[in-house]
Amino acid sequence: MEQVAWKGLFLSFFDYKTEKYVIAKNKKVGILYRVVQLSILAYLVGWVFVVKKGYQDTDTFLQSSVITKLKGVAFTNTTELGERLWDVVDYVIPPQGENVFFVMTNLIVTPNQRQDMCPESANIPDALCHTDGDCLAGEAVVAGNGVKTGRCLKARESTRGTCEILAWCPVEKRYKPKKALLASAENFTVYIKNSIRFPKFNFSKTNVLATNDESYLKSCRYSTEHRYCPIFILGNIVKWAGSDFQEMALEGGVIGIQIEWNCDLDKAPSECNPHYSFSRLDTKFAESISSGYNFRFAKYYQDAEGVEYRTLIKAYGIRFDVMVNGKAGKFNIIPTIINIGSGLALMGAGAFFCDLVLLYLIKKSNFYRGKKYEEVKSSSRKSLPTPSLNGNQSPDQLGGL
(Lines give C-alpha, C1' and ligand atoms only; values in the text may rest on other atoms or scores of the structure.)
Protein backbone atom coordinates (compact mmCIF):
# COMPACT_ATOMS: atom_id res chain seq x y z
CA MET A 1 0.00 0.00 0.00
CA GLU A 2 2.82 2.37 0.90
CA GLN A 3 4.57 1.54 -2.38
CA VAL A 4 1.44 2.55 -4.29
CA ALA A 5 1.28 5.84 -2.38
CA TRP A 6 4.92 6.64 -3.03
CA LYS A 7 4.51 5.68 -6.67
CA GLY A 8 1.50 8.01 -7.00
CA LEU A 9 3.44 10.84 -5.37
CA PHE A 10 6.38 10.30 -7.72
CA LEU A 11 4.19 10.26 -10.81
CA SER A 12 2.40 13.47 -9.71
CA PHE A 13 5.61 15.39 -10.37
CA PHE A 14 5.04 14.80 -14.06
CA ASP A 15 1.47 16.15 -14.01
CA TYR A 16 0.77 19.39 -15.87
CA LYS A 17 -1.65 21.77 -14.19
CA THR A 18 -3.45 24.48 -16.12
CA GLU A 19 -5.79 27.23 -14.99
CA LYS A 20 -9.49 27.06 -15.47
CA TYR A 21 -10.88 30.20 -17.13
CA VAL A 22 -14.42 31.30 -16.51
CA ILE A 23 -15.99 33.93 -18.78
CA ALA A 24 -18.30 36.06 -16.64
CA LYS A 25 -20.80 38.11 -18.65
CA ASN A 26 -20.89 40.98 -16.16
CA LYS A 27 -20.62 44.44 -17.71
CA LYS A 28 -19.73 46.28 -14.51
CA VAL A 29 -16.79 44.05 -13.69
CA GLY A 30 -15.80 43.96 -17.37
CA ILE A 31 -15.71 47.77 -17.57
CA LEU A 32 -13.73 47.89 -14.30
CA TYR A 33 -11.22 45.40 -15.69
CA ARG A 34 -10.70 47.43 -18.90
CA VAL A 35 -10.32 50.67 -16.91
CA VAL A 36 -7.67 49.04 -14.70
CA GLN A 37 -5.87 47.69 -17.79
CA LEU A 38 -5.90 51.06 -19.56
CA SER A 39 -4.71 52.84 -16.40
CA ILE A 40 -1.78 50.45 -15.99
CA LEU A 41 -0.95 50.73 -19.70
CA ALA A 42 -1.06 54.56 -19.54
CA TYR A 43 1.19 54.53 -16.46
CA LEU A 44 3.65 52.14 -18.11
CA VAL A 45 3.85 53.98 -21.43
CA GLY A 46 3.28 57.57 -20.31
CA TRP A 47 5.09 57.77 -16.99
CA VAL A 48 7.65 54.93 -16.98
CA PHE A 49 8.79 55.09 -20.62
CA VAL A 50 7.99 58.62 -21.85
CA VAL A 51 8.50 60.78 -18.73
CA LYS A 52 11.00 58.71 -16.72
CA LYS A 53 12.62 57.05 -19.76
CA GLY A 54 12.57 53.64 -18.13
CA TYR A 55 14.16 52.10 -21.21
CA GLN A 56 17.46 53.86 -20.46
CA ASP A 57 20.44 53.08 -18.28
CA THR A 58 21.40 56.21 -16.29
CA ASP A 59 24.59 57.73 -14.92
CA THR A 60 24.30 60.22 -12.05
CA PHE A 61 28.01 60.17 -11.15
CA LEU A 62 28.78 63.50 -12.77
CA GLN A 63 32.42 64.59 -12.90
CA SER A 64 32.66 68.37 -13.07
CA SER A 65 35.17 71.21 -12.94
CA VAL A 66 34.42 74.93 -12.61
CA ILE A 67 36.72 77.84 -13.48
CA THR A 68 35.66 81.42 -12.75
CA LYS A 69 37.22 84.70 -13.79
CA LEU A 70 35.91 88.19 -13.00
CA LYS A 71 36.47 91.46 -14.81
CA GLY A 72 35.73 95.06 -13.86
CA VAL A 73 37.24 98.12 -12.17
CA ALA A 74 35.86 100.55 -9.59
CA PHE A 75 36.98 103.95 -8.30
CA THR A 76 36.53 105.20 -4.71
CA ASN A 77 37.47 108.33 -2.78
CA THR A 78 37.36 107.92 1.03
CA THR A 79 38.91 109.63 4.03
CA GLU A 80 40.83 106.51 5.07
CA LEU A 81 42.16 105.49 1.65
CA GLY A 82 41.87 108.62 -0.46
CA GLU A 83 41.44 108.17 -4.20
CA ARG A 84 41.82 104.55 -5.16
CA LEU A 85 41.22 102.29 -8.16
CA TRP A 86 40.00 98.76 -7.41
CA ASP A 87 40.59 95.86 -9.80
CA VAL A 88 40.00 92.10 -9.59
CA VAL A 89 43.08 91.55 -7.40
CA ASP A 90 41.59 93.86 -4.77
CA TYR A 91 37.91 92.87 -4.64
CA VAL A 92 37.85 89.17 -5.67
CA ILE A 93 38.67 86.50 -3.07
CA PRO A 94 40.21 84.05 -3.89
CA PRO A 95 41.75 85.68 -6.99
CA GLN A 96 42.57 82.40 -8.83
CA GLY A 97 38.92 81.53 -9.51
CA GLU A 98 37.05 78.54 -8.08
CA ASN A 99 33.49 77.27 -7.84
CA VAL A 100 33.07 79.53 -4.77
CA PHE A 101 34.19 83.14 -5.05
CA PHE A 102 33.59 86.36 -3.13
CA VAL A 103 33.10 89.83 -4.61
CA MET A 104 33.69 92.69 -2.17
CA THR A 105 31.02 95.39 -2.45
CA ASN A 106 31.54 97.37 0.75
CA LEU A 107 34.22 97.78 3.43
CA ILE A 108 35.19 99.44 6.70
CA VAL A 109 38.85 100.44 6.82
CA THR A 110 40.93 100.93 9.99
CA PRO A 111 44.32 102.20 8.78
CA ASN A 112 47.73 102.39 10.47
CA GLN A 113 47.17 99.85 13.23
CA ARG A 114 50.21 99.14 15.40
CA GLN A 115 50.70 96.81 18.36
CA ASP A 116 50.34 99.13 21.33
CA MET A 117 48.19 99.86 24.40
CA CYS A 118 44.87 101.64 23.90
CA PRO A 119 41.30 101.64 25.27
CA GLU A 120 39.02 98.83 24.18
CA SER A 121 35.83 99.66 22.27
CA ALA A 122 32.94 100.79 24.49
CA ASN A 123 30.60 98.57 22.43
CA ILE A 124 32.08 95.41 23.97
CA PRO A 125 30.34 94.49 27.27
CA ASP A 126 33.36 92.64 28.74
CA ALA A 127 35.51 95.78 28.36
CA LEU A 128 33.32 98.08 30.52
CA CYS A 129 34.74 98.88 33.96
CA HIS A 130 34.39 101.11 37.03
CA THR A 131 37.73 100.42 38.73
CA ASP A 132 41.08 98.87 37.84
CA GLY A 133 39.92 95.73 39.63
CA ASP A 134 37.40 95.13 36.85
CA CYS A 135 40.27 94.77 34.37
CA LEU A 136 42.27 91.69 35.35
CA ALA A 137 45.73 91.94 33.79
CA GLY A 138 46.51 89.26 31.21
CA GLU A 139 42.85 88.37 30.67
CA ALA A 140 41.61 88.41 27.06
CA VAL A 141 38.56 90.55 26.37
CA VAL A 142 35.62 88.33 25.47
CA ALA A 143 34.65 89.07 21.84
CA GLY A 144 37.16 91.92 21.96
CA ASN A 145 40.39 92.99 20.30
CA GLY A 146 43.16 92.34 22.82
CA VAL A 147 44.41 91.47 26.33
CA LYS A 148 43.66 93.59 29.42
CA THR A 149 46.56 95.46 31.03
CA GLY A 150 44.92 96.00 34.44
CA ARG A 151 43.95 99.65 33.98
CA CYS A 152 40.47 101.15 33.68
CA LEU A 153 40.50 104.22 31.45
CA LYS A 154 37.79 106.82 32.09
CA ALA A 155 36.88 110.08 30.53
CA ARG A 156 36.80 113.18 32.77
CA GLU A 157 34.05 113.17 35.41
CA SER A 158 32.82 109.77 34.20
CA THR A 159 32.12 106.90 36.60
CA ARG A 160 32.44 104.22 33.94
CA GLY A 161 35.20 103.56 31.42
CA THR A 162 36.76 100.82 29.35
CA CYS A 163 39.69 98.54 30.04
CA GLU A 164 43.05 99.33 28.53
CA ILE A 165 44.27 96.53 26.25
CA LEU A 166 47.36 95.41 24.42
CA ALA A 167 46.23 95.09 20.82
CA TRP A 168 46.46 96.43 17.31
CA CYS A 169 45.69 100.08 17.99
CA PRO A 170 43.53 101.94 17.29
CA VAL A 171 40.86 99.20 17.53
CA GLU A 172 38.46 98.57 14.69
CA LYS A 173 35.67 101.06 14.15
CA ARG A 174 32.28 99.69 15.12
CA TYR A 175 29.58 100.95 12.78
CA LYS A 176 27.48 99.67 9.93
CA PRO A 177 28.01 101.17 6.48
CA LYS A 178 25.32 103.49 5.17
CA LYS A 179 26.10 103.08 1.47
CA ALA A 180 27.86 100.45 -0.63
CA LEU A 181 31.34 101.71 -1.45
CA LEU A 182 31.82 99.44 -4.49
CA ALA A 183 28.28 99.76 -5.80
CA SER A 184 29.59 99.75 -9.38
CA ALA A 185 30.33 96.02 -8.97
CA GLU A 186 26.80 95.54 -10.32
CA ASN A 187 28.25 95.89 -13.81
CA PHE A 188 31.18 93.52 -13.29
CA THR A 189 31.21 90.32 -15.34
CA VAL A 190 32.11 86.77 -14.38
CA TYR A 191 33.26 84.05 -16.77
CA ILE A 192 32.05 80.62 -15.59
CA LYS A 193 33.56 77.71 -17.49
CA ASN A 194 32.04 74.35 -16.60
CA SER A 195 33.35 71.06 -18.03
CA ILE A 196 31.44 67.85 -17.29
CA ARG A 197 31.91 64.13 -17.96
CA PHE A 198 29.67 61.09 -17.51
CA PRO A 199 32.19 58.24 -17.04
CA LYS A 200 29.74 55.37 -17.63
CA PHE A 201 29.08 56.56 -21.19
CA ASN A 202 32.46 58.27 -21.72
CA PHE A 203 30.63 61.47 -22.66
CA SER A 204 32.14 64.94 -22.11
CA LYS A 205 30.94 68.46 -22.80
CA THR A 206 31.46 72.09 -21.78
CA ASN A 207 29.17 75.09 -21.44
CA VAL A 208 31.27 77.22 -23.81
CA LEU A 209 30.28 77.55 -27.45
CA ALA A 210 32.59 75.59 -29.76
CA THR A 211 33.86 78.33 -32.06
CA ASN A 212 37.12 79.62 -33.46
CA ASP A 213 35.97 83.24 -33.25
CA GLU A 214 38.22 84.79 -30.58
CA SER A 215 36.00 87.87 -30.32
CA TYR A 216 32.93 85.86 -29.28
CA LEU A 217 33.75 85.72 -25.56
CA LYS A 218 34.74 89.38 -25.55
CA SER A 219 31.38 90.60 -26.76
CA CYS A 220 28.72 88.04 -25.77
CA ARG A 221 26.64 88.03 -22.56
CA TYR A 222 24.52 85.17 -21.28
CA SER A 223 20.82 85.28 -22.14
CA THR A 224 18.09 82.91 -23.30
CA GLU A 225 19.28 83.56 -26.88
CA HIS A 226 22.96 82.95 -25.99
CA ARG A 227 22.89 79.89 -23.70
CA TYR A 228 26.46 78.91 -24.62
CA CYS A 229 27.90 82.28 -23.65
CA PRO A 230 29.39 81.68 -20.16
CA ILE A 231 29.81 85.38 -19.28
CA PHE A 232 27.32 86.74 -16.73
CA ILE A 233 26.72 90.26 -15.41
CA LEU A 234 26.69 90.20 -11.59
CA GLY A 235 23.68 92.51 -11.39
CA ASN A 236 21.67 90.16 -13.61
CA ILE A 237 22.59 87.11 -11.50
CA VAL A 238 21.34 88.81 -8.33
CA LYS A 239 18.19 89.99 -10.13
CA TRP A 240 17.46 86.48 -11.44
CA ALA A 241 17.84 85.25 -7.85
CA GLY A 242 15.03 87.61 -6.82
CA SER A 243 17.11 90.26 -5.00
CA ASP A 244 18.26 93.83 -5.56
CA PHE A 245 22.02 94.20 -6.07
CA GLN A 246 22.40 97.63 -4.44
CA GLU A 247 20.50 96.51 -1.36
CA MET A 248 22.47 93.28 -1.13
CA ALA A 249 25.80 95.04 -1.71
CA LEU A 250 25.39 97.08 1.48
CA GLU A 251 25.77 94.18 3.95
CA GLY A 252 26.47 91.23 1.66
CA GLY A 253 24.83 87.87 1.08
CA VAL A 254 25.15 84.50 -0.66
CA ILE A 255 23.91 83.64 -4.17
CA GLY A 256 23.68 80.11 -5.56
CA ILE A 257 24.29 79.42 -9.26
CA GLN A 258 22.97 75.98 -10.23
CA ILE A 259 24.03 74.36 -13.51
CA GLU A 260 21.91 71.35 -14.44
CA TRP A 261 22.92 68.81 -17.11
CA ASN A 262 20.14 66.38 -18.06
CA CYS A 263 21.37 64.57 -21.17
CA ASP A 264 19.49 62.09 -23.34
CA LEU A 265 22.37 60.37 -25.10
CA ASP A 266 20.02 58.61 -27.53
CA LYS A 267 19.83 62.02 -29.20
CA ALA A 268 22.60 64.08 -30.79
CA PRO A 269 25.25 65.55 -28.41
CA SER A 270 24.05 69.03 -29.38
CA GLU A 271 20.80 68.25 -27.53
CA CYS A 272 22.68 67.99 -24.21
CA ASN A 273 22.53 71.58 -22.94
CA PRO A 274 23.21 73.26 -19.58
CA HIS A 275 20.30 74.80 -17.70
CA TYR A 276 20.99 77.63 -15.24
CA SER A 277 19.01 78.68 -12.19
CA PHE A 278 19.79 81.26 -9.53
CA SER A 279 18.72 81.59 -5.90
CA ARG A 280 19.62 83.49 -2.75
CA LEU A 281 21.01 81.06 -0.18
CA ASP A 282 21.36 83.24 2.92
CA THR A 283 18.22 83.98 4.88
CA LYS A 284 17.33 87.65 4.75
CA PHE A 285 15.21 89.03 7.60
CA ALA A 286 14.51 92.72 8.01
CA GLU A 287 14.96 92.62 11.80
CA SER A 288 17.80 90.09 11.91
CA ILE A 289 21.09 91.15 13.53
CA SER A 290 23.01 88.46 11.65
CA SER A 291 21.97 89.22 8.08
CA GLY A 292 24.53 89.73 5.35
CA TYR A 293 28.00 88.31 4.81
CA ASN A 294 31.34 89.77 5.90
CA PHE A 295 34.82 88.88 7.13
CA ARG A 296 38.09 90.63 8.01
CA PHE A 297 41.56 90.63 6.51
CA ALA A 298 44.61 92.86 6.82
CA LYS A 299 47.43 94.19 4.67
CA TYR A 300 50.79 94.45 6.47
CA TYR A 301 53.57 97.00 5.95
CA GLN A 302 56.81 98.20 7.58
CA ASP A 303 57.81 101.78 8.21
CA ALA A 304 61.29 103.24 7.69
CA GLU A 305 62.37 102.02 11.13
CA GLY A 306 61.26 98.45 10.40
CA VAL A 307 58.21 98.57 12.69
CA GLU A 308 55.28 96.56 11.40
CA TYR A 309 51.87 98.16 10.95
CA ARG A 310 48.74 97.15 9.06
CA THR A 311 45.50 98.29 7.47
CA LEU A 312 42.51 96.30 8.75
CA ILE A 313 39.62 95.81 6.32
CA LYS A 314 36.19 94.50 7.24
CA ALA A 315 34.86 93.34 3.89
CA TYR A 316 31.18 93.09 3.02
CA GLY A 317 30.21 91.42 -0.22
CA ILE A 318 28.42 88.70 -2.14
CA ARG A 319 29.60 85.11 -2.15
CA PHE A 320 28.70 83.11 -5.25
CA ASP A 321 28.45 79.31 -4.99
CA VAL A 322 28.49 77.46 -8.33
CA MET A 323 26.82 74.04 -7.96
CA VAL A 324 26.75 71.49 -10.79
CA ASN A 325 24.60 68.36 -10.98
CA GLY A 326 22.85 66.24 -13.58
CA LYS A 327 22.37 62.82 -15.10
CA ALA A 328 22.66 61.10 -18.45
CA GLY A 329 20.60 58.27 -19.92
CA LYS A 330 21.07 55.88 -22.82
CA PHE A 331 19.01 52.94 -24.15
CA ASN A 332 19.71 49.59 -22.53
CA ILE A 333 17.78 46.37 -23.02
CA ILE A 334 18.04 45.30 -19.36
CA PRO A 335 16.02 48.15 -17.74
CA THR A 336 13.60 47.94 -20.68
CA ILE A 337 12.86 44.26 -19.96
CA ILE A 338 12.62 44.91 -16.22
CA ASN A 339 10.08 47.70 -16.64
CA ILE A 340 8.02 45.72 -19.15
CA GLY A 341 8.00 42.78 -16.72
CA SER A 342 6.88 45.09 -13.93
CA GLY A 343 4.04 46.32 -16.14
CA LEU A 344 2.89 42.77 -16.91
CA ALA A 345 2.97 41.99 -13.18
CA LEU A 346 0.74 45.00 -12.58
CA MET A 347 -1.65 43.66 -15.21
CA GLY A 348 -1.88 40.44 -13.19
CA ALA A 349 -2.51 42.46 -10.04
CA GLY A 350 -5.35 44.23 -11.85
CA ALA A 351 -6.95 40.90 -12.77
CA PHE A 352 -6.58 39.76 -9.14
CA PHE A 353 -8.37 42.92 -7.96
CA CYS A 354 -11.25 42.36 -10.39
CA ASP A 355 -11.51 38.74 -9.19
CA LEU A 356 -11.96 40.01 -5.63
CA VAL A 357 -14.74 42.32 -6.79
CA LEU A 358 -16.43 39.55 -8.79
CA LEU A 359 -16.21 36.83 -6.12
CA TYR A 360 -16.79 38.80 -2.91
CA LEU A 361 -18.17 42.31 -3.44
CA ILE A 362 -21.12 42.04 -5.85
CA LYS A 363 -24.58 40.62 -5.12
CA LYS A 364 -24.18 37.43 -7.19
CA SER A 365 -20.71 36.69 -5.81
CA ASN A 366 -21.75 33.29 -4.43
CA PHE A 367 -22.84 32.15 -7.88
CA TYR A 368 -19.59 33.21 -9.55
CA ARG A 369 -17.54 31.74 -6.74
CA GLY A 370 -19.28 28.40 -7.21
CA LYS A 371 -18.45 28.40 -10.91
CA LYS A 372 -14.81 29.39 -10.47
CA TYR A 373 -13.83 26.92 -7.76
CA GLU A 374 -14.58 23.21 -8.26
CA GLU A 375 -14.41 20.99 -5.19
CA VAL A 376 -13.12 17.44 -5.78
CA LYS A 377 -13.32 14.97 -2.90
CA SER A 378 -10.47 12.49 -2.59
CA SER A 379 -12.84 9.71 -1.45
CA SER A 380 -14.75 9.78 -4.72
CA ARG A 381 -13.81 6.89 -7.03
CA LYS A 382 -16.06 7.89 -9.87
CA SER A 383 -14.52 9.90 -12.64
CA LEU A 384 -16.22 13.11 -13.57
CA PRO A 385 -18.07 13.10 -16.90
CA THR A 386 -16.44 15.01 -19.67
CA PRO A 387 -18.80 17.64 -21.04
CA SER A 388 -19.45 17.51 -24.73
CA LEU A 389 -18.64 20.51 -26.85
CA ASN A 390 -20.94 21.54 -29.65
CA GLY A 391 -20.17 24.29 -32.09
CA ASN A 392 -17.96 27.05 -30.69
CA GLN A 393 -19.15 26.66 -27.07
CA SER A 394 -16.26 27.03 -24.53
CA PRO A 395 -16.08 25.03 -21.28
CA ASP A 396 -17.99 26.58 -18.36
CA GLN A 397 -19.15 29.53 -20.43
CA LEU A 398 -21.70 31.43 -18.34
CA GLY A 399 -24.55 33.66 -19.17
CA GLY A 400 -24.96 37.09 -17.59
CA LEU A 401 -27.20 37.46 -14.61
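Worth a mention:
- Residue, nearest to V238 (Cα to Cα), within the stretch 261-277, restricted to residues that are open to solvent by less than 50 Å² (accessible area, probe 1.4 Å), not charged (D, E, K, R) and not in a loop (DSSP other than H, G, I, E, B): Y276
Okay, residues lined up against (1) open to solvent by 90 Å² or more (accessible area, probe 1.4 Å); (2) β-branched (V, I, T); (3) modelled with pLDDT of 95 or more:
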site: T283; (1), (2), (3): no, yes, no
site: S342; (1), (2), (3): no, no, no
site: M347; (1), (2), (3): no, no, no
site: L361; (1), (2), (3): yes, no, no
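- All positions within the stretch 325-340 that are open to solvent by less than 30 Å² (accessible area, probe 1.4 Å) and in a strand (DSSP E or B): G326, A328, G329
- Of the candidates V35, V50, V22, V4, the single residue that is over 30 Å from F353 (Cβ atoms) and out of contact with any Cys (no Cβ under 9 Å at 6 or more places or on another chain) is V4.
- Taken over the stretch 78-102, the criterion of being open to solvent by less than 50 Å² (accessible area, probe 1.4 Å) and not aliphatic (A, V, I, L, M) is satisfied by T78, G82, W86, D90, Y91, P94, G97, F101, F102.
- Residue selected from the stretch 108-125 under the condition crowded, with 17+ Cβ neighbours inside 10 Å and out of contact with any Ser or Thr (no Cβ under 9 Å at 6 or more places or on another chain), by the criterion nearest to K176 (Cα to Cα): I108
- The condition of being surrounded by 13 or more Cβ atoms within 10 Å (Cβ to Cβ), closer than 22 Å to D90 by Cβ and either at pLDDT 90 or above or not small (G, A, S) (or both) holds for only one of A185, A167, that being A185.
- Every residue from the stretch 148-180 that is in contact with a Ser or Thr (Cβ under 8 Å, 6 or more places away or on another chain) and hydroxyl-bearing (S, T, Y): T162
- Residue in the stretch 179-197 that is within 30 Å of L153 (Cβ to Cβ), touching a residue at least 60 places away in the same chain (Cβ under 8 Å) and of a type in the set (D, E) present: no
- Filter pass, L128 being aliphatic (A, V, I, L, M), closer than 20 Å to R310 by Cβ and either assigned by the TED database to the domain that holds V45 or open to solvent by 20 Å² or more (accessible area, probe 1.4 Å) (or both): no
- Meets criteria (among the charged types (D, E, K, R), part of a loop (DSSP other than H, G, I, E, B), out of contact with any Phe, Trp or Tyr (no Cβ under 9 Å at 6 or more places or on another chain) and outside the structural domain of E83 (by the TED database)) for K148: no
- If you filter the stretch 290-324 down to residues that are assigned to a loop (DSSP other than H, G, I, E, B) and surrounded by 13 or more Cβ atoms within 10 Å (Cβ to Cβ), you find that the one that is modelled with the highest pLDDT is Y293.
The values are calculated or read from the model by the stated rules, or taken from the named source; none is laboratory data. None of the values given here were measured: they were computed from a predicted structure. So basically every Cβ, Gly included, is an ideal-geometry build from the backbone, and we count neighbours across all protein chains shown. Surface areas here come from the heavy atoms of the whole protein model, side chains and all, with no ligands, DNA or RNA. Shrake-Rupley method; radii C 1.70, N 1.55, O 1.52, S 1.80 Å.
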